[in-house]
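Input: one structure, supplied below.
A short reminder: the numbers here are calculations on the coordinates, not readings from a lab. Small disclaimer: the values here were computed from a predicted structure and weren't measured. Counting neighbours? That spans all protein chains shown, and the Cβs are built from the backbone with ideal geometry, glycine included.
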Ligand code: SF4
């Protein structure tokens with residue numbers, strides 16, 4: 001823990017973060033976008049809203065059929081809740097997600113003229129949308145990254161092990177990353193950490209021996 005403390009306090013923090021981002025960019029430049037399948041803003045919104053507590057693969061299986069049945073926010077807003085619930089029943093927390101999806105779609109239609117808003121506070125007014133979901137929608141859907149950084153479980157694990165945060169909650173970790181990662185990298189840092197988290201820095205086990213950050217990471221066991 002002392003090493004982590006020193007890195008964060010030291011004057012080399014900027015160089016340290018820059019080294020992390022550059023190496024991850026070199027290795028994972030093909031993984032800078034979400035793996036949730038979508039062809040437009042409506043599909044992205046729906047996929048991201050359905051994604052918490054599920055793997056991207058699980059969501060993609062469900063949305064393959066879902067997107068054939070529902071094309072627009074009007075379709076979701078006017079959906080029969082029992083049918084919609086059945087259509088997303090392959091996902092964890094599907095009952096809540098179906099309710100949130102229909103409510104969010106109704107709000108998009110009624111309050112935002114059928115368009116997903118581009119301000120994070122407005123997106124977070126929609127049912128079922130927390131900061132992480134809002135950040136992914138802004139980043140992937142609109143190319144807007146200056147309002148925050150999407151923090152998922154991989155980002156939490158990787159940020160902690162790299163010594164970029166001491167916090168445990170996503171909201172506090174997002175604030176730490178926004179302080180330490182240059183703004184120009186906000187649009188990529190989340191997907192880069194996800195790629196590393198899936199590859200070598202998994203929550204269950206660290207594969208430091210084959211990690212590209214093993215010589216600079218304070219938690220390295222290599
Ligand atoms: S060196 Fe180990 S702990 Fe550090 S980022 Fe890589 S896998 Fe994770």
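Tell me, in nm to one decimal, what length is gained between residue 204 and residue 12 on full extension, where the rule is 0.36 nm per residue of separation less the Cα-Cα distance?
Values: separation 192, 0.36 × 192 = 69.12 nm, distance 2.98 nm.
Net length gain for the segment: 66.1 nm.
Sort 125-132, 44-51, 193-200 by packing, meaning the average of other beta carbons within 10 Å per residue, with the highest value first.
Values: 125-132: 18.4, 44-51: 23.9, 193-200: 20.8.
So the peptides 125-132, 44-51, 193-200, ranked by packing, come out 44-51, 193-200, 125-132.
Using the alpha-carbon atoms, what tilt in degrees (0 to 90, nearest 10) does helix 94-111 show relative to the longest principal axis of the chain?
Approximately 70 degrees, to the nearest ten.
As an exercise, find the ratio Rg/Rh for segment 41-142 from alpha-carbon atoms, using the Kirkwood inverse-distance average for Rh.
For segment 41-142, the value is 0.92.
Could you state the angle between the C-alpha long axis of helix 170-180 and the longest principal axis of the C-alpha atoms of the chain, as a value from 0 to 90 degrees rounded to the nearest 10?
That helix lies at roughly 50 degrees to the long axis.
Quick check on the exposure proxy: order 33, 38, 167 from fewest to most C-beta atoms within 10 angstrom. Display every interim value, and only then the final one.
Numbers: 33 10, 38 19, 167 15.
Fewest-to-most Cβ neighbours within 10 Å comes out as 33, 167, 38.
222 nm [θ] for the chain, helices only, -39500 (n - 2.57) per DSSP H run of 4+, per residue, to 500?
Working: 12 runs with 122 residues, N = 222.
Result for the chain, helices only: -16000 deg cm²/dmol.
What angle do you read, to the nearest 10 degrees and between 0 and 90, between the alpha-carbon axis of helix 41-50 and the longest principal axis of the chain?
It works out to around 70 degrees.
Once you place label points 7 Å from the Cα toward the Cβ at residue 57 and residue 78, how far apart are they in nm?
Simple spin-label model gives 3.8 nm for this pair.
Further question: Using every alpha carbon pair in the chain, what percent of pairs falls into each 5 Å bin from 0 up to the bin containing the largest distance?
Binned Cα distances yield the sequence 1, 7, 14, 18, 18, 14, 11, 8, 5, 3, 1, 0.
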